[in-house]
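Down below is the structure, laid out as structure tokens.
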Amino acid sequence: MLDRLLDRLPWGARKLARRLEAFVQVHGVTALFVAKPTFRGIYASFADVPNNIGAIERELVDAALGNLRAERLDTATRLPLLDQHRELLPMAVALLAKPGRTLDVLDFGGAAGVDFRNVRNALPAPDVSYCIVDLPEVCEAARAKWSSEPRISFQSAIPEEGRFDLVHSWSAIQYVPDPLWLLRRFTDYRPRAILLIGSPFTVGKAFVREQLNRSVPFPQWVLSLPEVKKCLASRGYTLALHAVHEHDYNVDGYPPECRVPNSTSLLFLADGETRGSAN
């Protein structure tokens, strides 16, 4: 209904309304009128913050299912409109895919499968096996939505073993107590590429802050880019792409060295892939 109403506006008003809509989705309605901080505090670990992301699991279920319903198509091409750098995963899948061979994808924090849907819709003939790891209640709700799709599966714990061609995580690695352990775990699957999208990074020391834009605060890491590069380099992965998203959260209350208003996307390739290996 809202999309139809906005589409009837003149071009300038329609673009302004779309920008406001995107702003509200990221920052909330109150941010239009009050510059309320999204984060507070500087902590050394998750143990210093009372809650974790599991405290808002029900909210995450609702958000995940809402994202799955919110598919929009371009009027000229009838192709899917992808936002918030969601096109990066389909591009990576297209580049890594080989004719006659299924591409195995691990999506950590993949919610209800919105990125799988984007891969399926953006690629002419995707041959993928897509495994999502997320919170138990999110997985349960998502399985019901994809019960007739054999290419996607859900589990509430990271696989103990196996191999994946591509490991992907969209705005999720910052919500685990030990992100460096998780990244090392990703490399155990010997993927050709690791694609991290929408996580906060700094060139300084990593720290934890409380995220405040949900019903209860919960901890979030701001990761150290040098630490992450060193960690993955030690496991045979080289940074091949880096880009910052201009979300511009309010971090004015932080000292300059801890002001991280945006999120970042990073693509790491296995060392053989950086040399153009066809293996």
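Sorted fewest first by neighbouring Cβ atoms within 10 angstrom, THR102, THR75 come out as THR75, THR102. Rounded to the nearest 5, the antiparallel percentage of DSSP beta bridges internal to region 38-274 is 50%.
Using a simple spin-label model with pseudo-atoms 7 Å out from Cα toward Cβ, LEU20 and ARG163 lie 5.4 nm apart.
For the chain, modelled as a GNM whose springs connect Cα atoms under 10 angstrom apart, the maximal fluctuation among LEU20, LEU88, LEU232 occurs at LEU20.
Using the number of other C-beta atoms within 10 angstrom as an exposure proxy, rank TYR237, TYR189 with the fewest first.
So the ranking, lowest neighbour count to highest, is TYR189, TYR237.
Less than 5 angstrom separates the built amide H of GLN211 from those of PHE218, GLN220, all sequence-distant by 5 or more or on a different chain.
GNM remark for the chain: springs join alpha carbons under 10 Å apart, and the peak mean-square fluctuation among ALA13, ALA63, ALA55 falls on ALA13.
A simple spin-label model places the labels of THR77 and SER148 2.7 nm from each other, with each point 7 Å out along Cα-to-Cβ.
The H on the amide N of SER224, modeled in the peptide plane, is under 5 Å from the matching H of THR202, ALA206, each at least 5 residues off or on a different chain. Each label was represented as a point 7 Å from its Cα along the Cα-to-Cβ direction; for ALA243 and TRP11 these points are 2.5 nm apart. Relative contact order of the chain: 19 percent, from C-alpha pairs under 8 Å at least 6 residues apart in sequence.
This ranking places ILE53, ILE132 by how few other beta-carbon atoms lie within 10 Å of each, fewest first, which gives ILE53, ILE132. Here the Karplus relation 6.51 cos²θ - 1.76 cosθ + 1.60, evaluated at θ = phi - 60°, turns the backbone of region 257-270 into coupling constants of 6, 10, 7, 10, x, 10, 10, 10, 10, 10, 10, 10, 10, 4 Hz, with x for every Gly and Pro.
No lab work stands behind these numbers, since they all come straight from the coordinates. Please read these numbers as outputs of a predicted model, since none were measured by experiment. All Cβ positions, even for glycine, are placed from backbone atoms using ideal geometry, and neighbour counts span all protein chains on display.
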